[in-house]
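Below: the structure, in structure tokens.
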Amino acid sequence: MSNTEHGLENAENIRPHNFITQIIDEDLARGKHKEVYTRFPPEPNGYLHIGHAKSICLNFGIAKDYNGLCNLRFDDTNPLKEDVEYVDSIKEDVEWLGFKWAGEVHYASDYFDALYNYAIELIKKGLAYVDELSPEEMREYRGTLTEVGKNSPYRDRSVEENLALFEKMKNGEFAEGKASLRAKIDMASPFMVMRDPVLYRIKFAKHHQTGDKWCIYPMYDFTHCISDAIERITHSLCTLEFQDNRRLYDWVLDNISIERPLPHQYEFSRLNLEGTLTSKRKLLKLLEDGIVDGWNDPRMPTISGLRRRGYTPASIREFCRRIGVTKQDNVVEYSALEACIRDDLNQNACRAMAVIDPVKVVIENFEGEEMLIAPNHPNRPELGERQLPFSKEIYIDRADFREEANKQYKRLVLGKEVRLRNAYVIKAERVEKDANGEITTVFCTYDPDTLGKNPADGRKVKGVIHWVSAVHNHPAEFRLYDKLFTVANPGAEEDICSVVNPNSLVLKHGFVEQSLGNAEAEKGYQFEREGYFCADSKDSHSEHLVFNLTVSLKESF
């Protein structure tokens with residue numbers, strides 16, 4: 001039975017209401033657009049993170065809700081930082097989240113010829129010029145937030161001269177950094193983005209899509225709006241840091257001869273998640289410094305990292321639905337994300353038993369072996385049952401036994417009874433210790449008349465603990481993950497490595513029940529009384545089982 005019938009997916013059938021859907025409703029009602037066309041435009045310079053998931057759910061979700069279309073377009077204008085690996089990972093992440101783009105994948109590089117011709121058009125209109133200021137001089141001429149900029153000495157070149165120089169740029173006759181094409185707008189504009197922004201720069205770099213065809217590459221702000229217009233996008237959705245850039249977006253489209261009606265850009269607040277980083281540059285530093293073992297390290301806020309940790313597509317979509325879409329910047333508590341995966345796995349994860357810090361128990365009055373039956377889920381009989389081999393020797397968790405304890409301790413205590421999950425009531429009789437005083441074995445007796453029922457003489461047994469047969473089990477490595485950083489806002493730190501949590505990964509070695517010998521990678525299990533886990537997709541195999549802690553059973557305080 002699918003998540004649609006059990007869990008979070010039911011909420012997805014309700015169309016969200018926010019300021020963007022209100023704009024779309026008004027546009028459709030007054031006939032501005034007959035259909036809705038959105039796009040998700042990542043730069044292929046890193047793996048997608050949880051912030052991108054919000055944009056994915058918004059753009060693809062709107063297209064779905066309005067029976068429209070959504071393109072996947074790679075804004076691939078900087079070949080020095082881009083890679084086919086990132087292209088492939090992004091496509092995989094979008095599909096894993098449950099979305100499918102319209103038609104073929106699009107690339108901004110598909111439009112490089114058109115973009116070049118639009119740049120020529122701006123030059124011919126006297127609205128663009130080739131500048132030979134160095135990058136340092138350009139910054140100096142640009143001015144500040146309180147001081148207006150000043151015109152470049154190359155600003156008033158003739159159209160013919162600019163066309164010839166731009167052709168030289170295209171032909172590789174300038175060195176990198178020696179010339180650029182700039183829009184001629186207003187160096188006194190209160191908006192820095194409008195102070196003659198660069199439209200093209202020189203980069204002698206092979207492009208993953210176009211090879212060596214070009215040595216000049218368009219800037220993002222010039223490319224993005226034209227790509228939207230070529231693809232007939234109706235609502236171009238960006239995060240708030242692009243709010244001022246909308247002026248340049250509109251200026252470019254207003255001044256070229258491209259088909260109307262033109263797309264319009266709308267801004268929403270980006271996702272700021274407590275205790276995490278959503279800067280690809282800083283995430284890459286974690287990789288380069290060996291803090292994590294890859295973009296998909298389960299401690300990373302990347303979609304692939306969350307997936308490897310055991311998060312489900314439904315839980316991430318639900319998280320994005322719950323936080324909503326506004327124009328207000330805010331920080332979302334990490335517990336909000338954990339609540340979504342906890343709700344999903346509580347509904348859908350099969351139960352199993354694992355002993356993470358084992359101590360041996362010998363049941364002295366039990367002989368032979370017995371096969372017990374346990375449900376895979378207490379509330380969903382359709383998920384079936386599993387067999388639990390019960391033997392004279394079992395493992396329990398070390399924290400579940402004490403020689404002495406007060407009444408609040410509801411587990412196994414010397415001289416007292418406890419119930420084994422899905423099995424019998426046992427009583428601790430004596431212990432054996434090693435030379436260091438560490439308990440190595442707990443010797444118990446069991447009551448054979450307590451399988452699935454209380455003791456016949458009315459004895460009250462309150463505690464229930466989990467266990468694994470010491471004979472029929474699978475050894476396993478458990479990776480207990482915690483937050484990667486010790487501060488709520490690691491992005492504000494000058495040295496992010498200085499606030500890495502030294503206990504973000506703790507390794508344990510124990511045992512899982514026999515039914516988990518072929519545990520499917522990324523499939524969630526509730527290890528009873530321990531937490532929600534999944535088999536690691538990278539390192540776990542039948543000869544060496546590795547389980548990642550996805551989330552605790554309850555929110556920790």
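The values are calculated or read from the model by the stated rules, or taken from the named source; none is laboratory data. Because the structure is a prediction, the values reported are computed rather than measured. So basically every Cβ, Gly included, is an ideal-geometry build from the backbone, and we count neighbours across all protein chains shown.
The set of residues in the range 416-432 being free of Cβ contacts under 8 Å to residues at least 60 places away in the same chain, surrounded by fewer than 19 Cβ atoms within 10 Å (Cβ to Cβ) and farther than 16 Å from Asn365 by Cβ consists of Lys416, Val431, Glu432. Residues of the range 267-293 that are touching a helix residue (DSSP H, G or I) at 6+ places or on another chain (Cβ under 8 Å), outside any loop (DSSP other than H, G, I, E, B) and surrounded by 18 or more Cβ atoms within 10 Å (Cβ to Cβ): Glu267, Phe268, Leu273, Leu286. In the range 72-168, counting only helices (runs of 4 or more DSSP H) that sit wholly within it, the ones holding 3 or more residues that are within 30 Å of Tyr47 (Cα to Cα) and either outside the structural domain of Tyr47 (by TED's automatic domain parsing) or not hydrophobic (A, V, I, L, M, F, W, C) (or both) span 84-96, 112-124.
When His474 is tested against the conditions (1) modelled with pLDDT of 95 or more; (2) loosely packed, with under 15 Cβ neighbours inside 10 Å, the lone failure is (2). Within the range 367-381, residues that are closer than 14 Å to Val468 by Cα reach partners that are of a type in the set (D, E, K, R) and at pLDDT 95 or above with beta carbons closer than 6 Å, at six or more positions or on different chains, in the pairs Ile373/Glu385; Ala374/Arg386.
How many of the residues in the range 251-289 are of a type in the set (S, T, N, Q), in contact (Cβ under 8 Å) with a residue 60 or more places away in the chain and in contact with a Phe, Trp or Tyr (Cβ under 8 Å, 6 or more places away or on another chain)?
Result for the range 251-289: 1.
Only one of (1) within 38 Å of the chain's Cα centre (by Cα); (2) surrounded by fewer than 20 Cβ atoms within 10 Å (Cβ to Cβ); (3) not hydroxyl-bearing (Ser, Thr, Tyr) fails for Ile62. Which number is that? (2) is the only condition that Ile62 fails. Condition test on Ile496, is it touching a helix residue (DSSP H, G or I) at 6+ places or on another chain (Cβ under 8 Å), β-branched (Val, Ile, Thr), surrounded by 12 or more Cβ atoms within 10 Å (Cβ to Cβ) and under 20 Å from Met353 (Cα atoms)? So Ile496 fails the test. Checking the stated criteria, Pro301 turns out to be of a type outside the set (Lys, Arg), under 27 Å from Lys508 (Cβ atoms) and in contact with a Ser or Thr (Cβ under 6 Å, 6 or more places away or on another chain).
Scanning the range 230-263 for residues that are among the small types (Gly, Ala, Ser) and more than 17 Å from Pro42 (Cα to Cα) returns a single hit, Ser257.
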